[in-house]
């Protein structure tokens, strides 16, 4: 039973970690946290099920199409719900605009897709349901791809360094002549793709279900809050830990009390360390 | 003088007609609500009852979301708690059955405590974090209701309370809910018009300004969270009565969205707007039954449109006054002679003394061993190049920064570092480099915020508009009127602050600082962006203020102004005192000439 | 719209016909308004969609045949989305504004619990298909009649099957975290224990929980010989069936009819994962080894097969929908009025009212229409035009 806990814990943890990275990528580019994060993961599953399961496209084609659609949703988020309120960051209008957009996406999927969870096809054919089933390892693989990909992007490409510069200091980056707006759109597209990848890879685990959005929103936010906003390493570590602890608790206690416990720990940890366990400098107020 | 003559309406005590005018929409809504049962069938009475119950919750939540700007999106959790508390207590499944009034009182208490519990994280967490925690709380509440079968009946639920005659029929119950809704409207309106309401809005839009005015964010938020929680608890009891049976699935997230969105569509800081929005959103799905599938989608779309296009919501659309053009060639003409009426007694004559203050940001020493004395009755200039530590010094005095070493004293009292909200008590007022305005409030309200510490009434007294609260309001209004006349802004008292020009905002901030009848006035670049004429008037106003015994610390770049009005000038460079003395001494100081004045 | 328009034209035709029967009074010629409180959209909409087909079929059939005593049936449909708040609004609207003569629905318990007192206050005749026992109370709700099994009947049927027919002694009882799941876990466990068997594991699982291996291992370790499962979520059901196969743990799974839905069939990894699973079913909607339903039901199915899509729903929902309209129509036809007291009186006098779904028996102090013999178990993976194969062990 330990392998079972490890497999499902790492799988769920990878998904949470990737959702955390989605929050971070959006935040770094715009200082905005978006409620559409979880919906991107949900869309990854629903679109994947539609492309591969219903239309019968090859898995790789389905993946590319899913990522493209999610990138588009990311860009739409930026254009519709983020850019118009960026100059009023201190009024926190982004919370409302992204919440509104997230609700619209979710309701649209509920009405046009289904309110019941739909199956997600097997991609590689490595099933069996045991701890070695692809449904557990695909999310882990996707998470690893994300980590390595981001590392390569940030360390070794000019665009990646421009991303980092913007996340350090928007104004300075703009003063240096970086195309801040285009980079921001690119970040949202990137966030969309990571979210879509997470949803696609976890489709067999979470199924193509319209209500996965809020679930991923909350459980993806926990690693961000614990790992520190904008801190991808913190998000990955906290996400994996959260997945393992949650699945272990499911095994030990089961039922509703696991989610109550996760929530309680989340609140207590946040109140004790509002900047996250991995720390983050305090911002100037005056 | 000629400018005041052109706008005859006095700032203080708005005319009775004006107040009545504002009451008309409420009276109209109440009249329609009272007539409704006699012209419509039970179905419409039911919908109206539902709207009234939702309003009991929304009106109080409005203080949290609309006024204090805390994004509590999971408030349905409190409705759930109230509904279960009343139902469980009247049914007597756990304890012996209790009288209805006790059950509703218990629901209010449970709601208040839960409101506090949900709300407390807001004191520490940023907006999005707080929104997430309320959301999580809502989920948890439903899950507990499901799991705790022995008490809540689990998923099957339990019957709601049954009210005795005369409330046991549709009409009686409707009138009860309507009455409560009216009382809640009155109460929240009382709070909104009191210093507490202005304080909440100040916390929302200009938190720093609220702190220096002595407004305690924790105390204020605790009060509104308790109140909103209690109202939601009572609303929950009424909801359970209306539904006659409650189960967890009745408390959907859609309902929470409705409460939250009603406030934002209605308009932050308004009462009428959210009231209209609550009625419309309750009624809309009934009107458009075929659209019921799309209702949440449409609410969300409406929210997006409102946020992007009309951030002020319905209230802003109804605010015709703010579209009237202001006079274009207006000038600010202070009247220092009125200062005597403000400073009726001379402030005590002790000085602010900074001793050996050191403050580092990382490796940078922003202040490096500073000694500074601000004497009462003097204008003390603080100059230096950018980054020399001027504003940082102000922030140390005001308690925003904790110095690494060193103390700030007033007389014998050491000011506690890191507690800006306690500076007003000792009579320290300030303005900011960038004016901290509460854009959606009027100039008068912006200024009244500055006198918050003079208020005597408690939050509860404000809720019920008891005499002490009324006295506070009259006193603050009179004083704000005086302060506005002193700085020459009385003609703009009723105008939204975000419509003012930059120079006018500088004077508005001074008026707000004067509300404190301060012993010390710290001004952070008050002349920036002012015209030559305005700078001259400002200088003369500052001098007059100091003549009333106020110690003024003036951070400025305009050397002319500094040397004209200051009794004492300190020059900072890299966090150290470069020179210190009378204007003449400093002006001729070698280092200053070479380093700063540039010959 | 479609319904009303047809209702109007046919109504005009039947008016002409009714003159020959010399039925004068105007009130007697107005349409019979039947309220249909349906959760047609939202997360728990599947049953209502099934009922809806039967309701419309029966209404159209009656109206096409000239109506009831010359009066057309007019459906007043409101979508409640499964939300008790919307259901309360809708019920009051039907009573006060649409002034319906009888109401069918709502279709799930949360809504029904909230609307039943309202309908009782108004005294409007009400038939519904909800399972919760508390909904039937002839003292408090003399107007409410059930045309479906009660939870107690279901628990007993499943308990009898597990203990007496399968011969198991140790049961694991699980449900989802919804109201229905948590409550039924409790009542179902009690039913097993009342039959001298042991419930070695009882718990709930969140519908969205992605992996149920840990829960299943706990059941297995507790020594369960059979699993009773109470959820309407195909996702959760399929996860349990898949995990059972993965653990090589071939115990029977018995429980809620949702386990037999086509969605579960699409969600299981392998078709064989779906076998050795038995769902609650009904005599009239179960076929035997010969593949035949009881004669009168088979005849009906053969007739409607081409008109109504049966494959994506459950037969009993459609039949119950048909029965609901018929029992309202017959009450009006036999008593000659739409007076609520007369309709209720007619229902109270029915013994073995011959419906398609079941034979309903009501009396003034007995409003549960079904008898225990109507409830049987069926094989979960045997769906054929919405009906199921009778589980092994029955006569």
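The values are calculated or read from the model by the stated rules, or taken from the named source; none is laboratory data. Predicted model only: the values in this text are computed from it and were never measured. Heads up, the Cβs are rebuilt from the backbone with ideal geometry, glycines too, and the neighbour counts pull from every protein chain shown.
So for the range B:119-140 (the condition being within 14 Å of chain C (Cβ to nearest Cβ) and either in contact with a helix residue (DSSP H, G or I) (Cβ under 9 Å, 6 or more places away or on another chain) or buried (at least 17 other Cβ atoms within 10 Å of the Cβ) (or both)), does at least one residue qualify?
Yes: one or more hits.
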Checking the structure you have, find out if any residue of the range B:485-497 is within 24 Å of the chain's Cα centre (by Cα), part of a loop (DSSP other than H, G, I, E, B) and buried (at least 23 other Cβ atoms within 10 Å of the Cβ).
yes
Those residues of the range C:214-257 which are part of a helix (DSSP H, G or I), within 10 Å of chain A (Cβ to nearest Cβ), in contact with a helix residue (DSSP H, G or I) (Cβ under 8 Å, 6 or more places away or on another chain) and in contact (Cβ under 8 Å) with a residue 40 or more places away in the chain amount to C:215
Would you check if residue B:236 is on the phi > 0 side of the Ramachandran plot and either modelled with pLDDT of 85 or more or not in a strand (DSSP E or B) (or both)?
no
All positions within the range C:131-148 that are part of a loop (DSSP other than H, G, I, E, B), in contact with a helix residue (DSSP H, G or I) (Cβ under 7 Å, 6 or more places away or on another chain), buried (at least 17 other Cβ atoms within 10 Å of the Cβ) and within 14 Å of chain B (Cβ to nearest Cβ)
C:131, C:132, C:141
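Any idea which of C:281, C:288, C:255 is touching a strand residue (DSSP E or B) at 6+ places or on another chain (Cβ under 6 Å), at pLDDT 90 or above and surrounded by fewer than 19 Cβ atoms within 10 Å (Cβ to Cβ)?
C:288
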Is it the case, given these coordinates, that residue C:310 is buried (at least 24 other Cβ atoms within 10 Å of the Cβ) and over 23 Å from residue C:392 (Cα atoms)?
no
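Going through C:66, C:82, C:54 one at a time, which residue ends up being in a helix (DSSP H, G or I) and more than 16 Å from residue B:288 (Cα to Cα)?
C:54
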Only one of B:567, B:548, B:558 is at negative phi, without any contact (Cβ under 8 Å) to a residue 60 or more places away in the chain and surrounded by 15 or more Cβ atoms within 10 Å (Cβ to Cβ); which?
B:558
If we scan the range B:331-352, do we find a residue that is touching a residue at least 24 places away in the same chain (Cβ under 8 Å) and in a strand (DSSP E or B)?
yes
Meets criteria (at pLDDT below 95 and either surrounded by fewer than 24 Cβ atoms within 10 Å (Cβ to Cβ) or over 29 Å from residue B:305 (Cβ atoms) (or both)) for residue A:75
no
Going through the range A:185-223 one residue at a time, which ones are modelled with pLDDT of 90 or more, farther than 19 Å from residue A:102 by Cα and crowded, with 24+ Cβ neighbours inside 10 Å?
A:201, A:202, A:203, A:223
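Out of A:52, A:80, A:85, A:61, which single residue is more than 11 Å from chain B (Cβ to nearest Cβ) and surrounded by fewer than 24 Cβ atoms within 10 Å (Cβ to Cβ)?
Residue meeting the stated conditions: A:61.
Considering C:102, C:122, C:65, which residue is more than 9 Å from chain B (Cβ to nearest Cβ) and surrounded by fewer than 24 Cβ atoms within 10 Å (Cβ to Cβ)?
C:65
Condition check ((1) at pLDDT 95 or above; (2) outside the structural domain of residue C:310 (by TED's automatic domain parsing); (3) over 17 Å from the mean Cα position of the chain (by Cα)) across all residues:
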{"residue": "C:327", "(1), (2), (3)": "yes, no, no"}
{"residue": "C:330", "(1), (2), (3)": "yes, no, yes"}
{"residue": "C:338", "(1), (2), (3)": "no, no, yes"}
{"residue": "C:345", "(1), (2), (3)": "yes, no, yes"}
{"residue": "C:348", "(1), (2), (3)": "yes, no, yes"}
{"residue": "C:356", "(1), (2), (3)": "yes, no, no"}
{"residue": "C:361", "(1), (2), (3)": "yes, no, no"}
{"residue": "C:368", "(1), (2), (3)": "yes, no, no"}
{"residue": "C:383", "(1), (2), (3)": "no, yes, no"}
When (1) more than 14 Å from chain A (Cβ to nearest Cβ); (2) farther than 20 Å from residue B:50 by Cβ; (3) in a helix (DSSP H, G or I) are applied to residue B:214, the one that fails is (3)
Taking the stated definitions as given, is residue B:104 crowded, with 22+ Cβ neighbours inside 10 Å and either assigned by TED's automatic domain parsing to the domain that holds residue B:62 or on the phi < 0 side of the Ramachandran plot (or both)?
yes
Could you identify the single residue in A:276, A:230 that is closer than 23 Å to residue A:28 by Cα, away from chain C (no Cβ under 14 Å) and modelled with pLDDT of 80 or more?
A:230
Please state which of the following conditions residue C:183 fails to meet, knowing it meets all the rest: (1) facing another protein chain (nearest Cβ under 9 Å); (2) under 25 Å from the mean Cα position of the chain (by Cα); (3) over 29 Å from residue B:141 (Cα atoms).
(3)
Return the residues of the range B:439-483 that are farther than 20 Å from residue B:423 by Cα and outside any helix (DSSP H, G or I); say none if nothing qualifies.
B:439, B:440, B:441, B:442, B:457, B:458, B:464, B:465, B:466
Name, by its number, the condition in (1) within 14 Å of chain B (Cβ to nearest Cβ); (2) surrounded by 19 or more Cβ atoms within 10 Å (Cβ to Cβ) that does not hold for residue C:172.
(1)
Give me the residue from the range C:186-201 that is under 26 Å from the mean Cα position of the chain (by Cα) and facing another protein chain (nearest Cβ under 10 Å) and, out of that set, nearest to residue C:161 (Cα to Cα).
C:187
Return yes or no: is residue A:140 at pLDDT 95 or above and away from chain C (no Cβ under 14 Å)?
no
Take residue B:304 and decide whether it is farther than 11 Å from residue B:62 by Cα and under 25 Å from the mean Cα position of the chain (by Cα).
yes
Enumeration of residues in the range A:119-132 that are buried (at least 20 other Cβ atoms within 10 Å of the Cβ) and facing another protein chain (nearest Cβ under 8 Å):
A:119, A:129
For helices (runs of 4 or more DSSP H) lying entirely in the range B:146-208, having 2 or more residues that are more than 14 Å from chain C (Cβ to nearest Cβ) and at pLDDT 90 or above picks out B:170-193, B:195-205
Would you call residue A:67 more than 12 Å from chain C (Cβ to nearest Cβ), in contact with a helix residue (DSSP H, G or I) (Cβ under 6 Å, 6 or more places away or on another chain) and part of a loop (DSSP other than H, G, I, E, B)?
no
Could you tell me whether the range B:417-431 includes any residue that is within 12 Å of another protein chain (Cβ to nearest Cβ), within 17 Å of residue B:211 (Cβ to Cβ) and not in a loop (DSSP other than H, G, I, E, B)?
yes
